[in-house]
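Chemist: Below are the structure tokens for one structure; questions will follow.
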Amino acid sequence: MLSVSLDTLRVFLHVLAAAVWVGGQFTLAFLVPALRRAGDGVTKVAAQAFNRVAWPAFGVLALTGVWNVLTIGDTGPEYRTTLYVKLAFVVLSGLTAFLHTRAKTKGATAALGSLSGLTALATLFVGVMLG
């Protein structure tokens, strides 16, 4: 069996947090219609419960992302450009998710939730490109 290293732990925590952040957003989005049928306020309660898990996961993503960057050696311009694109998507994902939690209308809630999910998915895709 391979040995467990600090690098293994770093990547594991990053992937786990990404699974919670990205996967949780999509799971909750697909559950919204059923939650609305379940009764008034159920969707809000579920969203608040998700936020208690999602935001710490986002924080772990940010911390392990910095840790990841600090462990990579000298990279070429293509890698750095791809990394900057990922960082832009990270910021957009967090910002749109935050604004989604503060939205006052159903339209704004839907639009910001969609943008948050799409930018989270884009972040995940670009992260896979980075290896």
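The values are calculated or read from the model by the stated rules, or taken from the named source; none is laboratory data. The structure displayed is predicted, hence computed values, not measured ones. A quick note on method: Cβ atoms are made from the backbone with ideal geometry, for glycine too, and the neighbour counts reach across all protein chains shown.
Chemist: Which pairs have Cβ atoms under 7 Å, sit 6 or more apart or on different chains, and link a residue in the stretch 5-21 that is under 15 Å from Trp55 (Cβ atoms) and modelled with pLDDT under 95 to one that is hydrophobic (A, V, I, L, M, F, W, C) and not in a helix (DSSP H, G or I)?
Modeler: none
Chemist: Do you know which of the residues in the stretch 1-16 that are aliphatic (A, V, I, L, M) and part of a helix (DSSP H, G or I) is surrounded by the fewest Cβ atoms within 10 Å (Cβ to Cβ)?
Modeler: Among those residues, the one meeting the criterion is Leu6.
Chemist: Quick test for you: out of Thr109, Thr82, Thr96, pick the one residue that is closer than 25 Å to Leu6 by Cα and of a type in the set (S, T, N, Q).
Modeler: Thr82
Chemist: Testing Asn68 on (1) more than 15 Å from Val126 (Cβ to Cβ); (2) at pLDDT below 95; (3) under 19 Å from the mean Cα position of the chain (by Cα); (4) not basic (Lys, Arg), one condition comes back false. Which one is that?
Modeler: Unmet for Asn68, out of (1) more than 15 Å from Val126 (Cβ to Cβ); (2) at pLDDT below 95; (3) under 19 Å from the mean Cα position of the chain (by Cα); (4) not basic (Lys, Arg): (1).
Chemist: Would you tally the residues in the stretch 69-100 being surrounded by fewer than 17 Cβ atoms within 10 Å (Cβ to Cβ) and either closer than 21 Å to Val20 by Cα or not polar (S, T, N, Q) (or both)?
Modeler: Looking only at that region, the number is 18.
Chemist: Shifting gears a bit: Output the residues belonging to the stretch 104-119 that are in contact with a Leu (Cβ under 9 Å, 6 or more places away or on another chain) and exposed (fewer than 15 other Cβ atoms within 10 Å of the Cβ).
Modeler: Answer for the stretch 104-119, where residues must be in contact with a Leu (Cβ under 9 Å, 6 or more places away or on another chain) and exposed (fewer than 15 other Cβ atoms within 10 Å of the Cβ): just Ala108.
Chemist: Oh, and also: Can we say Ala57 is free of Cβ contacts under 8 Å to residues at least 60 places away in the same chain, surrounded by 11 or more Cβ atoms within 10 Å (Cβ to Cβ), assigned to a helix (DSSP H, G or I) and under 12 Å from the mean Cα position of the chain (by Cα)? Don't jump to the end; show me each part of the working.
Modeler: Working: free of Cβ contacts under 8 Å to residues at least 60 places away in the same chain: yes; surrounded by 11 or more Cβ atoms within 10 Å (Cβ to Cβ): yes; assigned to a helix (DSSP H, G or I): yes; under 12 Å from the mean Cα position of the chain (by Cα): yes.
Taking the combined requirement at face value, the residue satisfies it.
Chemist: Tell me, please, whether a residue that is closer than 20 Å to Gly131 by Cα, in contact with a helix residue (DSSP H, G or I) (Cβ under 6 Å, 6 or more places away or on another chain) and not in a loop (DSSP other than H, G, I, E, B) can be found in the stretch 95-105.
Modeler: No.
Chemist: Next question. Go over the candidates Ala46, Ala19, Ala34 one by one and state the one that is part of a helix (DSSP H, G or I) and either of a type in the set (Asp, Glu) or surrounded by 14 or more Cβ atoms within 10 Å (Cβ to Cβ) (or both).
Modeler: Selected residue: Ala46, the only one of Ala46, Ala19, Ala34 that is part of a helix (DSSP H, G or I) and either of a type in the set (Asp, Glu) or surrounded by 14 or more Cβ atoms within 10 Å (Cβ to Cβ) (or both).
Chemist: Which condition number does Val90 fail, the rest of (1) of a type in the set (A, V, I, L, M); (2) more than 23 Å from Val126 (Cβ to Cβ); (3) at pLDDT 95 or above being met?
Modeler: (2)
Chemist: Could you list, in sequence order, the residues of the stretch 60-86 that are in a helix (DSSP H, G or I) and free of Cβ contacts under 8 Å to residues at least 12 places away in the same chain?
Modeler: Filtering the stretch 60-86 down to residues in a helix (DSSP H, G or I) leaves 60-71, 77-86.
Matches in the stretch 60-86: Leu63, Val66, Leu70, Pro77, Glu78, Arg80, Thr81, Tyr84.
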